[in-house]
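Have a look at the structure below before the remarks.
The values are calculated or read from the model by the stated rules, or taken from the named source; none is laboratory data. Note that the coordinates shown come from a computational prediction; the quantities given were computed from them, not determined experimentally. Every residue, glycine as well, gets a Cβ built from its backbone with ideal geometry; the counts of neighbours run over all protein chains shown.
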Amino acid sequence: MRHTKNETSTTTLTRLIKALDKQHPVTITYVKADDTTTIRTIELYDIVVSNAGDIVLKAMDRETGETRSFRLDRIVSYSTHRTAYLVERPAADEPKPRTTTGLATVTVLYPVDLPALARVELLADALAA
């Protein structure tokens with residue numbers, strides 16, 4: 001289990017992107033908005049930046065089979081599994097085409113075969129701009 005306080009958010013994001021690429025589930029310890037802590041095993045399918053500038057993980061919850069969103073800065077610890085995804089994602093949960101509206105929207109395009117670390121650096125550069 002990796003504790004996010006012991007690594008940079010870039011390192012955490014890089015490892016989570018690798019899990020997404022390999023379609024390996026991740027168990028996270030997460031602090032919800034009401035300051036309660038929960039443990040969930042999730043299957044990532046998208047990573048987006050909110051209008052507020054938060055990095056948000058979109059995932060399927062293995063326990064309930066529902067779509068969930070998790071802010072990266074609220075993850076306390078995580079563990080990547082070596083197994084494959086099990087939860088079927090409804091077609092309605094497929095990532096939607098993004099439209100660029102307002103100054104808070106950031107679109108980052110990169111080749112699919114680009115290494116995860118390079119994707120994180122592109123994302124960080126886009127957020128800094």
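Among the residues of segment 17-41, the one identified as under 13 Å from the mean Cα position of the chain (by Cα), closer than 13 Å to R74 by Cβ and either of a type in the set (A, V, I, L, M, F, W, C) or in a loop (DSSP other than H, G, I, E, B) (or both) is I28. Can I39 be described as in contact with a strand residue (DSSP E or B) (Cβ under 9 Å, 6 or more places away or on another chain), exposed (fewer than 15 other Cβ atoms within 10 Å of the Cβ) and hydrophobic (A, V, I, L, M, F, W, C)? It is true that I39 is in contact with a strand residue (DSSP E or B) (Cβ under 9 Å, 6 or more places away or on another chain), exposed (fewer than 15 other Cβ atoms within 10 Å of the Cβ) and hydrophobic (A, V, I, L, M, F, W, C).
Could you tell me whether segment 88-107 includes any residue that is in a loop (DSSP other than H, G, I, E, B), of a type in the set (D, E, K, R) and modelled with pLDDT of 70 or more? Let's see the steps before the verdict.
We begin by selecting, within segment 88-107, every residue in a loop (DSSP other than H, G, I, E, B); these are 88-90, 94-107.
From what's left, of a type in the set (D, E, K, R): 88-89, 94, 96, 98.
Narrowing the set further to residues that are modelled with pLDDT of 70 or more leaves 88-89.
Taking every residue of segment 88-107 in turn, at least one turns out to be in a loop (DSSP other than H, G, I, E, B), of a type in the set (D, E, K, R) and modelled with pLDDT of 70 or more.
Restricting attention to segment 51-76, and to residues there that are outside any strand (DSSP E or B) and under 12 Å from the mean Cα position of the chain (by Cα), which single residue is surrounded by the most Cβ atoms within 10 Å (Cβ to Cβ)? So the residue we want is R74.
Among the residues of segment 61-88, those identified as free of Cβ contacts under 8 Å to residues at least 40 places away in the same chain and charged (D, E, K, R) are D61, R62, E63, E66, R68, R71, E88.
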